[in-house]
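K.L.:
Before anything else, here's the structure in question.
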Amino acid sequence: MERRDKINYYLDIAETVSERATCLRRRYGAIIVSNDEIISTGYNGAPRGRKNCTDMGVCLRDRLNVPSGERYELCRSVHAEANCILSASRRDMVDSVLYLAGRNAKTGELLTDTTPCSMCRRLIINAGIREIISRTGDGDFTVTNVRDWIFNDDSLDMQL
């Protein structure tokens, strides 16, 4: 039996974490690894104490036909990356790697375009995370250097 490479090992763990997600659209899981040690995990779901979409059986964004990636303020969920960051100390996150994996909640299909939203990118930058590795296929992934988000500030394109 061939030993799983370390990146896909961590992505497998992030994917397992996603099984706890409570979103009716997308199930994401994230883990932060520093010095080859998992320091936190997170999945997308409603804030602690609030009802989850899976419990209510309805997604407001689905009901309003909001396209994926838009109108996050209507969503009940806290993103997996944000929950992962909230569960870790900044000193442990500096120069760490965040692994991210997601699946379509309805079909179970792997999401091949997984990338943090603009708000999560800001959190990742401030947390001091060095790199994002996102699963894009079975055994396939992309690696993003967070410094690229700092020097190629896409939020400047939105300025009036």
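The values are calculated or read from the model by the stated rules, or taken from the named source; none is laboratory data. Since this is a predicted model, take the numbers as computed values, not measurements. Here Cβ is always computed from backbone atoms with ideal geometry, including for glycine, and neighbour counts include all displayed protein chains. Heads up: the accessible areas ignore ligands, DNA and RNA and are worked out on the full protein's heavy atoms, side chains in. Shrake-Rupley method; radii C 1.70, N 1.55, O 1.52, S 1.80 Å.
K.L.:
Could you work out which residue, out of R90, R27, R48, moves most in a Gaussian network model of the chain, that is, has the largest mean-square fluctuation with Cα springs under 10 Å?
P.N.:
Among R90, R27, R48, the largest mean-square fluctuation in the Gaussian network model of the chain belongs to R48.
K.L.:
Per residue of segment 10-22, in order, report the coupling 6.51 cos²θ - 1.76 cosθ + 1.60 (Karplus, θ = phi - 60°) as ³J(HN,Hα) in whole Hz, putting x for Gly and Pro.
P.N.:
My calculation for segment 10-22 gives 5, 5, 4, 5, 4, 5, 5, 4, 4, 5, 8, 4, 10 Hz in order.
K.L.:
Suppose the chain between E37 and N152 were pulled fully straight at 0.36 nm per residue; how much longer would it get relative to their current alpha carbon spacing?
P.N.:
The E37-N152 span can extend by a further 38.4 nm.
K.L.:
If I stretch the segment between V143 and N126 completely, what's the gain in nm (0.36 nm per residue apart, minus their alpha carbon distance), one decimal?
P.N.:
4.3 nm is the gain from fully extending V143 to N126.
K.L.:
Please give the peptides 122-128, 136-142, 8-14 ranked by average Cβ packing (other Cβ atoms within 10 Å per residue), highest first, as a rough proxy for protection.
P.N.:
8-14, 122-128, 136-142
K.L.:
Restricting to DSSP H runs of at least four residues, report the calculated mean residue ellipticity at 222 nm for the chain, -39500 (n - 2.57) per run over all residues, nearest 500 deg cm²/dmol.
P.N.:
Estimated from H runs of four or more residues: -7500 deg cm²/dmol.
K.L.:
To the nearest 20 Debye, how big is the dipole of the chain about its Cα centre, given +1 on the beta carbon of each Lys and Arg and -1 on that of each Asp and Glu?
P.N.:
The calculation lands at about 760 debye.
K.L.:
Further question on the same structure: Considering only protein heavy atoms, what per residue accessible area in square angstrom results for the chain with a 1.4 angstrom probe?
P.N.:
Counting only protein heavy atoms, the per-residue value for the chain is 61 Å².
K.L.:
Comparing Y72, Y28, Y43, which has the greatest mean-square fluctuation in the GNM of the chain with Cα pairs linked when under 10 Å apart?
P.N.:
Y72
K.L.:
For a quick check: with amide H placed at 1.01 Å from N, whose amide H comes under 5 Å from V78's, ignoring anything fewer than 5 positions away on the same chain?
P.N.:
Those qualifying (amide H under 5 Å, at least 5 residues apart or on another chain) are G45, A46.
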